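Engineer: Please see the structure below; I have some questions.
The values are calculated or read from the model by the stated rules, or taken from the named source; none is laboratory data. A quick note: this is a predicted structure, and the numbers were derived from the prediction, not measured. Positions of Cβ are backbone-derived with ideal geometry, glycine not excepted, and every protein chain shown enters the neighbour counts.
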Amino acid sequence: MTSDQPQEYAFLKVPPDRELRSCVGLVLAGMAARAKVGVGGLEEAVELLQGFHSEDGPTRFRFSLGDDRVLAEVEEPTGEPEGLRWRTVVELVS
């Protein structure tokens, strides 16, 4: 993706149900396949993302593709009036 193109995201909101944590891995694997990124380190990346899944409320993730990479972010509180920000958790590159 070049800098003059707007960034596009795929969003995933995972309910606090522990059994639904695997959804984030399915999305990441699909995005990696679409970006033609190798799967080396994919299992560790999925485990890392799943570690951010909250059992107290929904967890929001967003994914983007660009320049042979996948970027995965999680929404987290900032403690500021704006309330939330996106934190980069995983970047897979080819």
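Residues checked against (1) over 14 Å from Val90 (Cβ atoms); (2) in contact with a His (Cβ under 9 Å, 6 or more places away or on another chain); (3) loosely packed, with under 13 Cβ neighbours inside 10 Å:
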| site | (1), (2), (3) |
| --- | --- |
| Val14 | yes, yes, no |
| Arg21 | yes, yes, no |
| Ala32 | no, no, no |
| Val37 | no, no, no |
| Glu43 | no, no, yes |
| Leu48 | no, no, no |
| Gly51 | no, no, yes |
| Asp56 | yes, no, yes |
| Ser64 | no, no, no |
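Engineer: How many residues are without any contact (Cβ under 8 Å) to a residue 24 or more places away in the chain and in contact with an Asp or Glu (Cβ under 6 Å, 6 or more places away or on another chain) if we restrict to region 67-94?
Structural biologist: Going through region 67-94 one residue at a time, the tally reaches 4.
Engineer: Take the residues in region 70-88 that are at pLDDT 90 or above and charged (D, E, K, R), then tell me which one is nearest to Val24 (Cα to Cα).
Structural biologist: Glu73
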